[in-house]
Amino acid sequence: MNCSISGEVPEEPVVSKKSGLLYEKRLIERHISDYGKCPVTGEPLAMDDIVPIKTGKIVKPRPVQAASIPGMLGMFQIEWDGLMLSNFALEQQLHTARQELSHALYQHDAACRVIARLKKERDEARALLAQAERQIPMAASTATTVNVSSLSNGKRAAEDDEMGTGGKRIRPGISATIIAELTDCNAALSQQRKKRQIPSTLAPVEAVDRYTQLSSFPLHKTNKPGILSMDIYHSKDIIATGGVDTNAVVFDRPSGQILSTLGGHSKKVTSVKFVAEGEVVVTGSADKTVRLWQSSENGNYDCRQILKDHTAEVQAVTIHATNNYFVTASLDNTWCFYELSSGLCLTQVADSSGSEGYTSAAFHPDGLILGTGTSGALVKIWDVKSQASVARFDGHVGAVNAISFSENGYFLATAAQDGVKLWDLRKLRNFRSFTPYDEDTPTQSVEFDHSGSYLAIGGSDIRVYQVANVKSEWHCIKTFPDLSGTGKATCIKFGPDAKYLAVGSMDRNLRIFGLPGEDGGLES
């Protein structure tokens, strides 16, 4: 007996009272609920019209193919063939998917190369445009001032009048008014320092010990990598970097955005400094020039003046505490004292006692003392008022790459090929030396933080020491690896309250080390 709907032996047979036909229970119930009539005769049919039939357990007959061994082998062969065909189809689909993925990756790589080339062309076009904009007014000014006295460093003077005996330029010198201004600044800062205490917001030693890299920002070009100098303007938390790619970059750390790219130098930018509340940037370069960059309303920095008083690479720029004057030091064995507002070189000082060029320079916190490092491993201390050398420190090996005065004005740290030396300015002696690296690895940078509580050293890695006194031990509280892979950490600066450490290396990335979880800028 088979079901009148499916034609198979029913598992739960029922019969219709009206037609006497046999059905599978679940099938006829679904048909009645949908149509309300018999599926064969078409007569009206209700659930009450079907009667279940009690039967014994039904054993389904075995298929003919399974009734013999050859039949079963045939079934297995059919199953195996189907499985192999399915596997072949899947392999074909996988091969097609791999080809499509490879093509997509190639297109992505090609697009990235095109974007990089377009960005490079855009940057070069911007640099050419900026150079043309600077040359156009210069050409116009030259055309209107033919047969008139020339303009030098923003001051009009006849070329013949500027030259003295021996072909040297005559400088106006540091006037008594300026000396009085420097002296008053020195007295005020000295008085303030006596009352100054370490700020409560300064990062504690325990926090510095937990610093790690928070972010890395590719600020300079890839074809000429390397960050050689850095400065931080603390109140705005903006960072300026100078690179091998001839550009300086002004960078907003909290937002992680580049504010301005300062293009104009023809060789690497060796030194960069903020001045006048961050409105002016001073850069020194291996092209023998110093440039003053003025911020504009659109956020960019435009070249205001080009100073050409040196005859060799400018290695260092340092700003006086008044923010009205600055000093540049060069490999031509001279340093120049400038007035910021006019760009006029008031005096150019040469040391007749030696032929070494200057490789680093820094003002004392009170502003009446200037420290310089030479390529001949000497550290020279100058009286700014008289421009006389008042002290000389020797003992280093190799060029003095960096110098830094402590905030209290008592200590001077110098970095060279043989490591770092600490000098007591009260007794004019070396009281401690650090040799963190081997003799073939120079120390590139040394920097006290703004409070004078920490000292950072940069070379093949970065180390932070806790500042103590002359007799006490200066403990290394943290060592950061050089993540650039170049083995040269060229410049280091502490952020406000030492809440982070900015590091420049011989790749193009600026790295920020700080406490995880705190505001360390955007991750790149």
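The values are calculated or read from the model by the stated rules, or taken from the named source; none is laboratory data. What you see is a predicted model; the values in this text were computed from it and never measured. Note that each Cβ is placed from the backbone with ideal geometry, even for glycine, and that neighbours are counted across all protein chains shown. Keep in mind that these areas ignore ligands, DNA and RNA; they rest on the heavy atoms of the full protein, side chains included. Shrake-Rupley method; radii C 1.70, N 1.55, O 1.52, S 1.80 Å.
Summary of computed values
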| quantity | calculated |
| --- | --- |
| Subset of the range 268-280 that is outside any strand (DSSP E or B) and either farther than 22 Å from residue 507 by Cα or free of Cβ contacts under 8 Å to residues at least 24 places away in the same chain (or both) - its residue that is most open to solvent (accessible area, probe 1.4 Å) | 277 |
| Which listed residue, of 239, 232, 258, is within 14 Å of the chain's Cα centre (by Cα), of a type outside the set (Ser, Thr, Tyr) and under 23 Å from residue 324 (Cβ atoms) | 232 |
| Meets criteria (on the phi > 0 side of the Ramachandran plot and of a type outside the set (A, V, I, L, M, F, W, C)) for residue 323 | yes |
| Scan of the range 333-344 for residues that are assigned to a loop (DSSP other than H, G, I, E, B) and open to solvent by 30 Å² or more (accessible area, probe 1.4 Å), ordered by number | 341, 344 |
| Residue 297 being more than 22 Å from the chain's Cα centre (by Cα), open to solvent by 10 Å² or more (accessible area, probe 1.4 Å) and without any contact (Cβ under 8 Å) to a residue 60 or more places away in the chain | yes |
| Pairs with Cβ under 6 Å, 6+ apart, first in the range 356-377 and among the acidic types (Asp, Glu), second assigned to a loop (DSSP other than H, G, I, E, B) and open to solvent by 20 Å² or more (accessible area, probe 1.4 Å) | 356/375; 356/376 |
| Residues that are modelled with pLDDT under 90 and under 30 Å from residue 19 (Cα atoms), drawn from the range 50-90 | 53, 54, 55, 56, 57, 58, 59, 60, 61 |
| Pair list, Cβ < 8 Å and 6+ apart or interchain, from the range 37-58 residues that are part of a loop (DSSP other than H, G, I, E, B) to residues that are of a type in the set (Asp, Glu) and modelled with pLDDT of 90 or more | none |
| Any hit, the range 289-302, residues being touching a Lys or Arg at 6+ places or on another chain (Cβ under 6 Å), assigned to a strand (DSSP E or B) and over 27 Å from residue 235 (Cα atoms) | no |
| Residues (part of a strand (DSSP E or B) and either in contact with a Leu (Cβ under 6 Å, 6 or more places away or on another chain) or closer than 24 Å to residue 174 by Cβ (or both)) located in the range 400-410 | 403, 405 |
| Strands (runs of 3 or more DSSP E) lying entirely in the range 354-399 (those with 1 or more residues that are among the charged types (D, E, K, R)) | 379-383, 388-393 |
| Which numbered condition residue 283 fails, given (1) open to solvent by less than 10 Å² (accessible area, probe 1.4 Å); (2) over 22 Å from the mean Cα position of the chain (by Cα) | (2) |
| Subset of the range 429-445 that is open to solvent by 60 Å² or more (accessible area, probe 1.4 Å) and charged (D, E, K, R) - its residue that is nearest to residue 270 (Cα to Cα) | 440 |
| Residues of the range 378-403 satisfying the condition of being within 19 Å of residue 490 (Cα to Cα) and open to solvent by less than 10 Å² (accessible area, probe 1.4 Å) | 400 |
| Members of the range 144-166 found to be open to solvent by 50 Å² or more (accessible area, probe 1.4 Å) and either under 24 Å from residue 332 (Cα atoms) or at pLDDT 80 or above (or both), listed by number | 151, 155, 159, 160, 161, 163, 165, 166 |
| Considering residues of the range 475-505 that are among the hydroxyl-bearing types (Ser, Thr, Tyr) and open to solvent by 30 Å² or more (accessible area, probe 1.4 Å) only, the residue nearest to residue 401 (Cα to Cα) | 486 |
